[in-house]
Amino acid sequence: MTRTKVLTTKEITQFLSKFTPCDVSDALNKHGVADGGFIPNLQMRSPVIGRASAVGKAYTVLYAPKSDPRPSVAQAYIDSVPEDSVVVIGLPLSCQTTAAPYVTVNNALYGGLMSTRAQYRKANGSVILGRIRDLDEHNNLQYPVWSYGVGTSAPGPLVKVVGVNVPLEVKVCGIEGESTVTINPGDYMVGDKNGVVRVADDETLHSVLEYIPKRVDADSKVSEDIKNGKPAAEAQKYWRSRI
């Protein structure tokens, strides 16, 4: 990465797909993001194939109970999924908990037909902050999906879509108690079997991208030193100080 080149969204997406969410979190930690951008409690339901991570800009969808006063979004969100995006679906804070199953809506918010359409639209994955269904269909498509849990019923009887490309607030429980994390439309989402990380598309992005391969290279050297008998703390201090 160079400071002079302005990277396109596709170039950034392709670059990040070479690295794991753990690599990205290390870079975000270095840039003052204490949680490394991690979105907790998500489980991979179908794997990433052919690259280190599934990466894309967040295309967000907000569901709410049918009793919510906001009107339902008329157009089906799945038919407007942008190429190279990651579909991110959530619920209002009132429908979230900090203990498993993390949501109070037991109907699945997402299923196999949605992955079929998202894949046709050339999306790179889907992150569901709730339940999904049709596990075999996602896996047969080889389309990456993460969720809190699984279910059987479709969402329609309980919830409706009230927002597309809107911020999603996520309730989390950390060392200082309950807080919220916001996923904004256009944030980069990076996911693999370790979990999902959010990277803001802001003024620090280029510096984060520059740091990632340097840190990966340094940690490779740390690993070699440890294998050769050097104490871990000594090897880490030596190589990471040279980034």
Subject >> Assigned charges on the beta-carbon of Lys, Arg, Asp, Glu; segment 103-243 dipole about Cα centre (debye) >> reply: 240 debye
**OP:** Just the number, please: carbon plus sulfur as a percent of the accessible area of segment 58-184, 1.4 Å probe, no ligands or DNA/RNA counted.
**Re:** 52 percent
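Based on Cβ point charges of +1 for Lys and Arg and -1 for Asp and Glu, what charge dipole magnitude is obtained for segment 25-110 about its Cα centre, in debye rounded to the nearest 20?
100 debye
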**OP:** Starting from the Cα of Asn29, step 7 Å along the direction of its Cβ; do the same at Arg51; then give the gap between the two resulting points in nm.
**Re:** 2.5 nm
Subject >> Electrostatic dipole magnitude of the chain [Cβ: Lys, Arg +1; Asp, Glu -1; Cα centre; debye, to 20] >> reply: 260 debye
**OP:** Taking Kirkwood radius over Cα pairs in Å as the quantity of interest, determine which of (i) 18.3; (ii) 18.8; (iii) 19.4 was computed from the displayed structure.
**Re:** (ii)
**OP:** Express as a percent, rounded to the nearest 5, the fraction of DSSP beta bridges in the chain (both residues included) that run antiparallel.
**Re:** 65 percent
**OP:** Please work out whether segment 142-243 counts as rounded, prolate or oblate from its C-alpha gyration tensor, where a ≥ b ≥ c are the square roots of the eigenvalues and a/c under 1.5 means rounded, while otherwise a/b larger than b/c means prolate and anything else oblate?
**Re:** prolate
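Tell me, what is the FRET efficiency for Lys18 and Asp202 to the nearest 0.05, using R0 = 25 angstrom and their Cβ-Cβ distance as r? Working shown, then result.
On the way: r = 21 Å, r/R0 = 0.86.
So, using R0 = 25 Å, E works out to roughly 0.70.
Within the set Lys18/Lys221; Lys10/Lys221; Lys30/Lys237, which residue pairs have Cα atoms separated by over 25 Å? Don't skip to the end; give the middle numbers.
Values: Lys18/Lys221 19 Å; Lys10/Lys221 30 Å; Lys30/Lys237 14 Å.
In this structure, Lys10/Lys221 exceed 25 Å between Cα atoms.
Calculate how many DSSP beta bridges within segment 88-192 are antiparallel, expressed in % of all such bridges and rounded to the nearest 5.
Around 50 percent antiparallel, to the nearest 5.
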Subject >> Prolate/oblate/rounded label for segment 57-186 (Cα gyration tensor, a/c 1.5) >> reply: rounded
Subject >> Spacing of the two label points (7 Å from each Cα toward its C-beta) at Ala232 and Leu93, in nm >> reply: 3.7 nm
**OP:** For every helix of n ≥ 4 consecutive DSSP H residues, a contribution of -39,500 (n - 2.57) applies; sum these over the chain, divide by its total residues, and give [θ] at 222 nm rounded to the nearest 500 deg cm²/dmol.
**Re:** -8000 deg cm²/dmol
**OP:** Hey, can you find the accessible area per residue of the chain for me, probe 1.4 Å, expressed in square angstrom?
**Re:** 49 Å²
**OP:** Under 1.5 on a/c is rounded, so check that first for segment 190-229, then, if it is not, pick prolate when a/b is larger than b/c and oblate when it is not; a ≥ b ≥ c are the square roots of the alpha carbon gyration tensor eigenvalues.
**Re:** oblate
**OP:** Take the alpha carbon atoms of segment 83-103, find their center, do the same for segment 136-158, and report the distance between the two centers in whole angstrom.
**Re:** 13 Å
Subject >> For segment 19-33, Karplus couplings with θ = phi - 60° (6.51, -1.76, 1.60), whole Hz, Gly/Pro x >> reply: 10, 8, x, 5, 4, 5, 4, 4, 5, 5, 4, 4, 9, x, 8
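The values are calculated or read from the model by the stated rules, or taken from the named source; none is laboratory data. Because the structure is predicted, anything quoted here is derived from the model rather than measured. So basically every Cβ, Gly included, is an ideal-geometry build from the backbone, and we count neighbours across all protein chains shown. The protein model used for the area step is the full one, side chains on, heavy atoms only, and it has no ligands, DNA or RNA in it. Shrake-Rupley method; radii C 1.70, N 1.55, O 1.52, S 1.80 Å.
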